[in-house]
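Step one of this worksheet: look at the structure below.
The values are calculated or read from the model by the stated rules, or taken from the named source; none is laboratory data. Quantities reported herein were computed from a predicted structural model and do not represent experimental measurements. Glycine also receives a Cβ, built like all others from the backbone with ideal geometry; neighbour counts cover every protein chain displayed.
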């Protein structure tokens, strides 16, 4: 008798963004004339940079000729791309990453989800709270989360490390010792960051306790302050304890184009139950070559173009565009008297709801009265209750319009 | 202490194709002037059909304008592609598949590997032997395979169903009852097929025993005989017991372009340990939306073009090109007195080595003496020992040249 993975049956209701989509659809069906401004899902809206477009066309033409056609490529990514990644993103920061420590993939969502494959189900997992739901859901699917407790909104076996205004969004070291720690900085959803010495606390903790840090740096390109690390490997010793996930999605507008990469240093080791050391790079290489067949050739050429002279200029223009939106949102909300966080090193603004209004009530209020869609903070975990996320990925005109509507709504 | 998934440590040596690559590299380093003809890995060589190229260019242009730019799409695939798949591949055969039963993905390798996520590790797995290594390796990684026994070349907990010339490559129902059965028809690596009544035996067995069949139909486009089913759903009742994997890789030359799809009928159920029925479609939808972010928009437009009028003609020309190679290989080998299988409904020719020569010896012989690379049958499982796979995916000229070299080598 074919048996299912019963862990899937423990997953509660709908995924956050499905529920948002459901409510928005319901509203727009009832109000067909309302112009909805979407500041919910963290999805980019600007077209791909011209350098990327040119490179795509060129690669498509290569695929049209037998002489230049490409079939299966290396699952880990073509060297032309891996070289560019290392030369531009990594080694100028003194990280000294080698080619076989970089794995090109179709997305950080896939990689942060799939990384659990090479790790024991017995590991104790810690997440900052609020948290990107994929970290928790994929551990629940694997059987590392225990049971979901409706009452607390938490999984029984996951360690939640609260990050709220009360601790200035700086996660405290946990009382109970985890084996695996997910850190995402600049943070999704709060838009906050850790400075070098704050991140060092975690690297040191992981070194002392033989923990593995899964570091999601998807928003690295949005860092504007000089004392915020772009990579966890800027911290001494991090290569022994951390995997870093990076993406072209938010940097170069690749959410619909799909390319990312994951760094697994060769000196990074985890353990067997008997305490023997095992190189994680080797295990991931095996996973990646067995369960994945590489990113499309033309998409890898597109990603390569991000590092051309024109590409770099165009990508920084993209980032500036969104960060101008972030500034508009920040300043407008501050003027309205909101308590807000993020938006300086990340395209996310995390706001405290007025009078501790529950996140979903605030969601409905904004949807019904201003036709603005954001993301309820509680959707990211219990410590997100009473918060709300707005993203800066919209069009500038729409962002300005949304802020005008909020001003009217809140009568400020 | 971060623990690894120790199942990975049980995986023996290198993946088949890595070992082939190693031997070929060694040979070509020692013999830099030798012109090697590669008939090993099942990778296409013809350029993408023109309709696909045109569609790619058009989609790239869409990504260059804010009005037509696409960010995140539905993880399950755009409806424009799902509709075309259903209208062309499925429902003309009377399969009556619904849109939400089709999941577009980046490859059948990914899907056949990842499908285990939604299934219990307690399931007993059966594979035909020889077998596409991904089925076995991914189950070993998940902990369903037991231990690898060097002596037999088998995993202790996997049921191997021999398919050799002795049984005309028709798998017999196993004595011990499996929960999950992998079937790949037209078969990789043997190139053989099952006729409708032969496949029906397995569907009926799965229905009676509550088994799940994972049916890999990646080579469906190569079927030339009318009594060979193109889809397992042509067999009555199959929707209750089978998942079908399909790919654009071998059909339209997408090995480096990456697009596939998987069909999970809503009536397909598996079980909890208590015997409650669970819809697998729902579980896979959760997996697919949580651990995957969709195929690139432009790649989905490329796949859509496969179904245009021009696309269909061009794809059938592609298939004909490779099947002409298959015919050349078949006839040449038959003339040389080889005992061969496949090559009629699949681009693979499976040959019996002369005098029961071990597969790897035959590999080395062909590499050293004819500079032709094939795949040792034993690399696909113990029942592949004494067999060898040649693929028809090369250029016609190279295929002819390879056959000439073999004629010289075997002095026929």
Looking only at the stretch B:1-20, count how many residues are over 20 Å from the mean Cα position of the chain (by Cα) and in contact (Cβ under 8 Å) with a residue 60 or more places away in the chain.
-> 6
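Residues that are closer than 28 Å to residue A:211 by Cα and modelled with pLDDT under 95: does the stretch A:84-91 have at least one?
yes
Among the candidates B:90, B:95, B:56, B:81, which residue alone is more than 10 Å from chain A (Cβ to nearest Cβ), within 23 Å of residue A:48 (Cα to Cα) and surrounded by 15 or more Cβ atoms within 10 Å (Cβ to Cβ)? Steps first, please.
Working: B:90 fails: within 23 Å of residue A:48 (Cα to Cα); B:95 fails: within 23 Å of residue A:48 (Cα to Cα); B:56 fails: more than 10 Å from chain A (Cβ to nearest Cβ).
Of the residues listed, the single one that is more than 10 Å from chain A (Cβ to nearest Cβ), within 23 Å of residue A:48 (Cα to Cα) and surrounded by 15 or more Cβ atoms within 10 Å (Cβ to Cβ) is B:81.
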Hey, could you check the stretch B:189-221 for residues that are more than 14 Å from chain A (Cβ to nearest Cβ), part of a loop (DSSP other than H, G, I, E, B) and out of contact with any strand residue (DSSP E or B) (no Cβ under 6 Å at 6 or more places or on another chain) and say which is surrounded by the fewest Cβ atoms within 10 Å (Cβ to Cβ)?
-> B:195
Those residues of the stretch B:225-252 which are modelled with pLDDT of 95 or more, closer than 18 Å to residue B:295 by Cα and part of a helix (DSSP H, G or I) amount to B:249, B:252
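Every residue, every condition in (1) within 14 Å of residue B:1 (Cα to Cα); (2) under 17 Å from the mean Cα position of the chain (by Cα), yes or no:
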residue	(1), (2)
A:176	yes, no
A:183	no, yes
A:195	no, no
A:208	yes, no
Kindly list the number of the only condition in (1) touching a strand residue (DSSP E or B) at 6+ places or on another chain (Cβ under 7 Å); (2) crowded, with 23+ Cβ neighbours inside 10 Å; (3) within 9 Å of another protein chain (Cβ to nearest Cβ) that fails for residue B:113.
-> (1)
Are any of the residues in the stretch B:56-78 part of a helix (DSSP H, G or I) and under 22 Å from the mean Cα position of the chain (by Cα)?
-> no
Can you give me the number of residues within the stretch A:88-133 that are without any contact (Cβ under 8 Å) to a residue 60 or more places away in the chain, outside any loop (DSSP other than H, G, I, E, B) and under 16 Å from residue A:10 (Cβ atoms)?
-> 2
Does residue B:342 fit the bill of being crowded, with 23+ Cβ neighbours inside 10 Å and closer than 23 Å to residue B:131 by Cα?
-> yes
Tally time: how many residues in the stretch A:1-17 are within 10 Å of chain B (Cβ to nearest Cβ) and assigned to a loop (DSSP other than H, G, I, E, B)?
-> 6
List pairs: first in the stretch A:265-277 and more than 9 Å from every other protein chain (Cβ to nearest Cβ), second part of a strand (DSSP E or B) and surrounded by 11 or more Cβ atoms within 10 Å (Cβ to Cβ), Cβ under 6 Å, 6+ apart or cross-chain?
-> A:277/A:269
Out of B:406, B:365, B:390, which single residue is away from chain A (no Cβ under 14 Å) and free of Cβ contacts under 8 Å to residues at least 60 places away in the same chain?
-> B:365
Note on the stretch B:325-336: residues touching a residue at least 24 places away in the same chain (Cβ under 8 Å) and surrounded by 13 or more Cβ atoms within 10 Å (Cβ to Cβ) are B:325, B:326, B:328, B:329, B:332, B:333, B:336
State all residues of the stretch A:134-158 that are without any contact (Cβ under 8 Å) to a residue 40 or more places away in the chain and either part of a helix (DSSP H, G or I) or in the same structural domain as residue A:342 (by TED's automatic domain parsing) (or both); if no residue qualifies, say none.
-> A:134, A:138, A:139
Looking only at the stretch B:40-53, and only at residues there that are facing chain A (nearest Cβ under 9 Å) and part of a helix (DSSP H, G or I), the one that is surrounded by the most Cβ atoms within 10 Å (Cβ to Cβ) = B:52
Check the stretch A:21-39 and report whether any residue there is free of Cβ contacts under 8 Å to residues at least 24 places away in the same chain, within 12 Å of chain B (Cβ to nearest Cβ) and closer than 22 Å to residue A:132 by Cα.
-> yes
Select from the stretch A:98-110 the residues that are within 14 Å of chain B (Cβ to nearest Cβ), closer than 14 Å to residue A:291 by Cα and in contact with a helix residue (DSSP H, G or I) (Cβ under 7 Å, 6 or more places away or on another chain) and list them in ascending order.
-> A:104, A:105, A:110
Could you tell me whether residue B:356 is touching a residue at least 12 places away in the same chain (Cβ under 8 Å), under 24 Å from residue B:19 (Cα atoms) and loosely packed, with under 15 Cβ neighbours inside 10 Å?
-> yes
Within the stretch B:172-180, is even one residue buried (at least 18 other Cβ atoms within 10 Å of the Cβ), within 27 Å of residue B:344 (Cα to Cα) and touching a residue at least 12 places away in the same chain (Cβ under 8 Å)?
-> no
